[in-house]
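Working notes, beginning with the structure itself.
Just so it is clear, none of the values below were taken in a lab; they were calculated from the coordinates. Source: prediction; values computed, not measured.
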C-alpha cells in the first residue's frame, strides 16, 4: 500500500502540523521524482487579527527549532519572529533570579500564530506576519492546493478515505492526514471513522495578549520571559512574555477562573512587571484553549494518520517542535515506506512513543515543582543556586540549563532530569537549603 504518481493526499487542518506535513510530503516526493497531489483543508485566514485568525497558542519557539526548520528548507523571515528572548526571570513569593542564555542556540523567539491580538488591525500595515499563514503559504508554494472550506464528514469509499466539504463536494483520497488540533470539531470526524482513534487527554489553559506599548514592555520585561513560581492553589505554570507592544500571559492550572486571575494580577511579583496603574481591559484579547496532557489511542490506520496536538505532543511545552517531528515522521513513512497501518506502526509510531514516554518524566518534574511551591526554603535554595551559577563565569551551569530546557522545551524531559540529578547539583541544593534554614533560625 504505497503512494504512486498522481496519488491524492488530503490534509485536514492548515496549522503548523498540517502545513509542515504537506510541505515535507511534497518535498520528499519531489526528491524521488514522485508526482503527488496534496489538498489542505483550512477555512481560516490566519492573517486576520483577533479570534478569526487566532490559533490559540502562547507563540514561543526555540532557536534550535528555528535552525531545524532552516535545515529543512523553511527559513522564517524577520517579520515572523517578533522578539528574541535571551533570558528567563524566575519569580517566587519572596525573590527572583535571572537565567541568561549562554549560547545563541538556547535563545527563544516569539511569534503570533495569527494576525495579532484583537485591535491590532488599527496598526495596519501590520509590522509582523502570522507564523501559521507563513507556513500555509509556503506549503502552497511547494505545490499544495488549499481548499478554504471546513470538512463536514469523513467516511470510507471502498477502503479509501472520502472527504465531504462545502455544499456537498466530495473527494476520495489515497491518504488523509488529520491535523485538527484539540479545540475544534475535527476530532469527532476521525472518531466517527471507527478505526479506534481516541483523542489525547487535555486540560484548559488561559492565554491573553496584554497591550502595554513597546516602551513599557521593554522597561518592565526587557528581553526576558518572566516565570512565576507562586503558591496559588491550582496554579501549575504562569509566564509573561514580551512580544512587541504586547505581553503574552500564559496560565496553566486546575480551574483557571476569575478568582485565580485576580490573585495572579494582585500578586506583588506580577504587579512589578505591569505598567504603573495598569488595569485589565474589560475586553482583553484572550482565549482558553485545550492543551495536550496525555497520549491518544490509535492515531493511524490504513491510509489515515493524525499529527500535531490531536496526536502526540510535548507536555505543556514546544507543541510546534513536536508537530515538526511528527510531520517529518509522517511524510517520511508515507513516501518511503507506504501508507498502510503496518508502515505507520513501524516507522511513525516510534516518534509518537518517544514523545509520550518523555511526557511521563515531564509529569514527574511538574509534580515536584507543585510539591515544592508551599516550601519557600526550597524555592529560595533553588534561586540561590541559580544566582551562584549565573555569577560564576567558569560554571557549567547545569541547573540553569536544566531549568531553561524545562521552560523552553529545547531538550527532552529525560535530559532535564539527567542534568538535574547530577550529584554536584544535588549537593549544592542541599547546602543551599541548609544555609537558608540556618539563616532563618538565626533571624527568629
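What is the Cα centroid distance between region 104-134 and region 203-277, reported in whole angstrom? Going from one Cα centre to the other spans 19 Å. With springs only between Cα atoms under 10 Å, which of 183, 194, 419 fluctuates most in a Gaussian network model of the chain? So, out of 183, 194, 419, the one fluctuating most is 194. Report the residue, chosen from 122, 406, 284, that carries the largest GNM mean-square fluctuation when the chain is represented by alpha-carbon nodes joined by springs under 10 Å. Maximum fluctuation in the GNM of the chain, among the listed residues, is at 122.
Please compute the Cα-Cα pair-distance distribution of region 372-442 with 10 Å bins starting at 0, giving whole percents from short to long. All Cα pairs considered, the percentages come to 20, 48, 27, 4, 0. Axis angle, to the nearest 10 degrees, between helix 398-408 and the longest C-alpha principal axis of the chain: 50 degrees.
With helices as the sole contributors, the chain gives -11500 deg cm²/dmol at 222 nm; each DSSP H run of n ≥ 4 counts as -39500 (n - 2.57), and the sum is divided by every residue.
For the chain, the longest principal axis of the Cα atoms and the long axis of helix 131-142 meet at an angle of about 30 degrees. Comparing 73, 50, 244 in a Gaussian network model of the chain where C-alpha atoms under 10 Å apart are linked, the largest mean-square fluctuation is found at 73. Computed over the chain, relative contact order equals 19 percent, with contacts defined as Cα pairs under 8 Å that lie 6+ residues apart. If both residues of a DSSP beta bridge must be in the chain, then about 70% of such bridges are antiparallel.
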